[in-house]
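The values are calculated or read from the model by the stated rules, or taken from the named source; none is laboratory data. Not measured: the values here are computed from a predicted model. Methodologically, a virtual Cβ is constructed for each residue, glycine included, from the backbone with ideal geometry; neighbour enumeration extends over all protein chains shown.
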Amino acid sequence: MARIPLLQLNGVSLTFGGEPVFSDFDLVVQPADRIALVGRNGSGKSTLMKVMAGLVEPDRGEVIVRPGVSVGYMEQEPDMKGFSTLGDFASASLEPGEMYKVERAGEGLKFDPARPVETASGGERRRAALARLMAEAPELMLLDEPTNHLDIEAISWLEEELKATRAGFVLISHDRAFLRNLTRATLWIDRGKLRRQDKGFGDFEAWRDAVWDEEDMQRHKLNRLIKSEARWAVEGISARRKRNQGRVRALQALRAERSAQIKRQGSAELALEAGPKSGRKVIEASHISKAYGDNVILSDFSIRIQRGDRVAFVGPNGAGKTTLLKLLLGEIAPDSGTVTLGTNLEVAVFDQARAQLDPDATLWESLTGDPAMRISGKSDQIMVRGTPKHVVGYLKEFLFDESQARAPVRALSGGEKARLLLARLMAQTSNLLVLDEPTNDLDVETLDLLQELLDDYDGTVLLVSHDRDFLDRVAATTVAMEGDGRAVIYAGGWSDYQAQKPSNVVESSEKTKASKAKMKQEERPKTGLSFTEKHRLEALPGEIERIEAEIAKLEQLLADPELYTREPVKFRKATEALVMRQEKLSAFEEEWLVLEEKAAGT
C-alpha cells in the first residue's frame, strides 16, 4: 500500500525582482523522511523551506499538505512581540499543563524559559524558537540552521532527539557531522534545479562530483561537435559556395544549447597572506587565573603557543572560551599569573557576532569605511593585501553581484554576511588569525576552501568552533573548557579530544549535576523528581506500550518466510525499523527504572 506524502510540491516556481530563484520544482516528503537540504549560499534553500512552510507563496505550481498534518518551521528571527518571556513564546501553542515540554527542551538547548524577551540575545531567541518546535512535535519539521548558537553538548542533545523522533524532517545545516549522523536522503539545489538522492549527506560530495563530471563530459562532447560542424561550415563555403541550410540551422541550435547552459557558480576567491613572520613564541601564559565574583572562569592555566600552531578552544556556551582568548591576546588582565605576547604580531579577528558589520551600511561602505582598507582620496578603491583594487571587483571575488554593492548589509543572508566578513579579514595581512565560529552559514564548498587556506597559512590560528568536522580538519591542539575553571590541553581535534578525555571528566560532571540538584532539593516535589521528570515518568508507560505494539507488528511482518525473496527492500526496511524500536524500548525501560528508583528515594 502506497504511503500518503506529508507534503508535495508540484511544478513550483518563484522569482524575486525578475530573477528566477527556482523553476518547476517537484518534491515529495514522506512520513519519517530525514532529508538534508543542501546547496550554495544564495541558491534558495531557505526560500524553498519557507515555501514548504506556507510562508512564501510561489508564482506557479502548488504546495499540498496532507489534511490533518502539522508542519513546524523554525524561524531564524522569531517575532516575540506580545510575549514577556522566552517560555511564554515557546509554549504559546501548547495546551495548559504542557509547559514541562518547553522546560525539558530548555534543559537540552540551554536556555532559560524565564528570561525576559527584551533582554534575550539573538542566540537565546533562536534557541527558544527551536524549543517551541521541539515541544510542539509536528509531524513534519523544517529546520533551517538549527545548530547555530548551540554548543556541542546542546547539538548532541538535539541529535539524539531527532534520531528518536517519529516525525519527518528537512534540515539545512553547515554542520557536516550533524547532517551525516541524521539524514537518509539529500535534496540538492543547483542552479535552479532540484535533485534528490535517497542517501544521506555522507554520500553527497561523491554524488555531486559524479554529476559535475558527467556534466563536464557532456559539455566537452558538445564543444567537439560544434567545432566539427563549424569546420564543415567554413569548408563548405570556400569549396562549394553553398551550404546545407538544415545543417547550418543544426549548428546554430547546438550553439544556442551551449549558451543556454548555466555555468556552475565558482568558489569565492579566498586568499590568506601571512604578514612578516612573528617570533617563534607567539603567546605564553603561565599559571593564569580569572574569576568574576564567585564565577571562576579559569584556574592555574598554562600554555605555550608557537608560530604555525592551530589551537582550538571548545566547551559549553558560557564556559569562558571568549574570556580565555581575550586573556591570551592581552585584551584583559588575569587575576594572577602572566601572559607574554611574542614579537612582531599582526592579528586579524573573525567575529562570531558579526559586530564588525553595520547592518545599515552598504557592502560598498563596509569595505571603503574600514580604516585598514581605505585609500585616501579614492572613493571606489580599497587596499587589499598591499594592492589597490576596485570595490566591485573585490566583492565579485567573494561571489557578490554588482547590484549588491549598494545594498544594505541587513539584506544579506547569513552566509553572505560571513563571506563579507571574510572579505574584510582577508584584505589585510596577518600572522595570527583569531576565528570565532567562522563556519556558521557557510556552504560546503566555501568551508572546503577555507580549510585549505588555513592548511597553507604560514601564521598561527586560534579557533573557537562547535563544528566537530571542522575542528577535526583544522585543529592540531584542543583546549577544552571543562567547567569549574578547568581548561585542559589535548593533542589533535575534536575526535582526538573525545578519545583522550578521561572518565573522571564525566564523573566530575555528574558530581556537579548532583551538587546542583541537591541545592535545588527544596524546590522539587516530595517524590524527589523535578517537574519535568514527574511528567516524563507518567508518560513513559504509554510510550513503552506503543513501542511494544509496533515491535509486535514488525515481528509479525518478518515472520513471513517469503518476504525476503518477494520484497527484499521491504524486508530490509522492516528489519532496520525493528532494531531501532528494540533499542528505543530498552532505552525507555531503563529511563523508567531510573526515574522509579529516584521517585522512591532509593
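For the reader, a short list of remarks on this structure follows.
- Evaluation of ASN181 against (1) without any contact (Cβ under 8 Å) to a residue 60 or more places away in the chain; (2) in contact with a Phe, Trp or Tyr (Cβ under 7 Å, 6 or more places away or on another chain) (one fails), failing number: (2)
- Selection of strands (runs of 3 or more DSSP E) fully inside the range 450-506 by the criterion of at least 2 residues being hydrophobic (A, V, I, L, M, F, W, C), touching a Phe, Trp or Tyr at 6+ places or on another chain (Cβ under 8 Å) and within 20 Å of LEU328 (Cα to Cα) returns 460-464, 477-483.
- If only residues of the range 482-501 that are surrounded by fewer than 17 Cβ atoms within 10 Å (Cβ to Cβ) and hydrophobic (A, V, I, L, M, F, W, C) are counted, the one that is farthest from PHE301 (Cα to Cα) is ALA499.
- Of everything listed in (1) touching a strand residue (DSSP E or B) at 6+ places or on another chain (Cβ under 9 Å); (2) closer than 21 Å to ALA348 by Cβ, the single unmet condition for ALA487 is (2).
- Filtered by the rule that a residue be at pLDDT 80 or above and either touching a Gly at 6+ places or on another chain (Cβ under 9 Å) or surrounded by 12 or more Cβ atoms within 10 Å (Cβ to Cβ) (or both), the range 1-20 gives PRO5, LEU6, LEU7, GLN8, LEU9, ASN10, GLY11, VAL12, SER13, LEU14, THR15.
- So LEU357, is it closer than 16 Å to ILE489 by Cα and out of contact with any Asp or Glu (no Cβ under 6 Å at 6 or more places or on another chain): no
- Cross-chain or 6+ apart pairs with Cβ under 7 Å, the range 100-125 first and among the acidic types (Asp, Glu), then in a loop (DSSP other than H, G, I, E, B): GLU103/PRO113; GLU124/PHE111; GLU124/ARG115
- Listed conditions (1) under 18 Å from SER530 (Cβ atoms); (2) modelled with pLDDT of 90 or more are all met by PHE111, apart from (2).
- Qualifying residue in the range 65-85 (condition: in the same structural domain as ASP112 (by TED's automatic domain parsing), over 21 Å from ASP144 (Cβ atoms) and part of a strand (DSSP E or B)): yes
- Listed by first and then second residue, the pairs linking a residue in the range 333-353 that is more than 17 Å from ALA427 (Cα to Cα) to a residue that is basic (Lys, Arg), with Cβ atoms under 8 Å apart and 6 or more places separating them unless they lie on different chains, are PRO334/LYS290; ASP335/LYS290; THR340/LYS281; GLY342/ARG280; GLY342/LYS281; GLY342/ARG307; ASN344/LYS277.
- Matching residues, the range 556-569, being at pLDDT 80 or above and surrounded by 13 or more Cβ atoms within 10 Å (Cβ to Cβ): LEU557
- Those residues of the range 26-60 which are surrounded by fewer than 17 Cβ atoms within 10 Å (Cβ to Cβ) and on the phi > 0 side of the Ramachandran plot, in sequence order: ALA32, GLY54
- The residues listed here are SER403, SER379; of these, the one that is modelled with pLDDT under 85, of a type in the set (Ser, Thr, Tyr) and in a strand (DSSP E or B) is SER379.
- Taken as a whole, the range 340-361 holds no residue that is in the same structural domain as ASP458 (by TED's automatic domain parsing), at pLDDT 90 or above, surrounded by 14 or more Cβ atoms within 10 Å (Cβ to Cβ) and of a type in the set (Lys, Arg).
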